[in-house]
Amino acid sequence: MNKNTLYITGAGVSADSGIPTFRGQDGYWTIGSINYTPQEMATRSMYLNNPEEFLLWYFKRFASYRNVSPNSVHHFLSDKKLITQNVDGLDGKAGNPNYISIHGRLDKALYFEDMNNMCDLVDAPWDDVIALTTDIENNEEIKKNLLNVFKISDKTKKPELRKSLRPFILLFDEYYTDQYRITEAETWMSNANHFVFMGTSFSVNITNIALRFALQNESDIEIVDPDPIDLGIKGIKYHKLKAQDYIKDNHTS
């Protein structure tokens with residue numbers, strides 16, 4: 001039987017590019033922001049009710065790694081069938097033409113819409129904010145420029161449907177839709193007979209969905225992580241390695 005391999009990656013894959021993982025000691029889910037936890041910040045509700053804080057938090061993340069380069073794992077995956085939880089866009093930078101960024105991409109934006117309505121993606125205007133800002137340490141100036149660039153009135157401070165922009169990010173109080181290519185992702189999963197999970201803590205829905213398909217398909221399952229989660233399922237092959245070390249011995253799939 002021909003091997004149809006599907007790679008599922010998480011934040012651990014981008015750690016060697018200098019991007020913090022979300023749940024590590026210095027992770028974004030740990031440090032949050034001054035006034036809000038990440039679980040409060042990364043929500044559609046926050047975007048609707050406090051777009052300044054919402055956009056500032058994402059701006060700070062983007063500004064910190066917008067020029068980061070892909071590492072050897074991203075390049076290894078550049079010609080593979082790949083679903084990533086990462087929003088850093090590094091798989092695209094590495095040249096993968098059709099990978100699925102199931103949680104969105106921070107370098108893209110879309111117009112504010114009802115969740116079930118598809119929108120065309122546009123380049124996120126973070127660099128426009130940087131160009132307008134005279135003092136990158138002045139959060140109040142940054143927030144004013146963010147509202148301007150993301151087309152949100154600085155008087156009402158309320159996003160407007162089909163006018164205002166928002167980052168192309170799947171938020172905590174949202175669900176997978178075809179804007180994030182969920183149907184295509186599930187088709188890939190249903191056709192795969194070999195799943196390789198890299199750098200993921202199995203704490204988000206997409207990994208659980210993928211694992212369910214893998215078990216239904218009676219697929220080969222590999223988990224690559226320096227400290228892998230023991231899922232308590234027979235037959236899984238664990239590699240207690242960084243993804244970089246794993247690919248040194250796995251140049252083909």
Checked against (1) in contact with a strand residue (DSSP E or B) (Cβ under 7 Å, 6 or more places away or on another chain); (2) in contact (Cβ under 8 Å) with a residue 60 or more places away in the chain; (3) of a type in the set (A, V, I, L, M, F, W, C), Ile223 satisfies every condition except (2)
Only one of Gly232, Gly199 is in contact with a strand residue (DSSP E or B) (Cβ under 9 Å, 6 or more places away or on another chain) and either over 30 Å from Tyr111 (Cα atoms) or not charged (D, E, K, R) (or both), namely Gly199
All conditions in (1) under 30 Å from Ile206 (Cβ atoms); (2) crowded, with 20+ Cβ neighbours inside 10 Å; (3) of a type in the set (A, V, I, L, M) are true of Leu110 except (2)
Counting only residues in region 163-218 that are among the hydroxyl-bearing types (Ser, Thr, Tyr) and touching a helix residue (DSSP H, G or I) at 6+ places or on another chain (Cβ under 7 Å), the one farthest from Thr43 (Cα to Cα) is identified as Ser190
Restricted to region 113-147 and to residues being in a loop (DSSP other than H, G, I, E, B) and within 19 Å of the chain's Cα centre (by Cα), the residue surrounded by the most Cβ atoms within 10 Å (Cβ to Cβ) is Ala124
Among the residues in region 210-223, are any surrounded by fewer than 21 Cβ atoms within 10 Å (Cβ to Cβ), at negative phi and among the aromatic types (Phe, Trp, Tyr)? yes
> Do we find a residue being touching a Gly at 6+ places or on another chain (Cβ under 7 Å), in a helix (DSSP H, G or I), under 29 Å from Val224 (Cβ atoms) and in contact (Cβ under 8 Å) with a residue 24 or more places away in the chain anywhere in region 63-83?
Replying inline: yes
Taking region 189-207 and the residues there that are surrounded by fewer than 19 Cβ atoms within 10 Å (Cβ to Cβ) and among the hydrophobic types (A, V, I, L, M, F, W, C), the one that is modelled with the lowest pLDDT would be Val204
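The values are calculated or read from the model by the stated rules, or taken from the named source; none is laboratory data. Because the structure is a prediction, the values reported are computed rather than measured. Backbone-built Cβ (ideal geometry, glycine too); neighbour counts: all protein chains shown.
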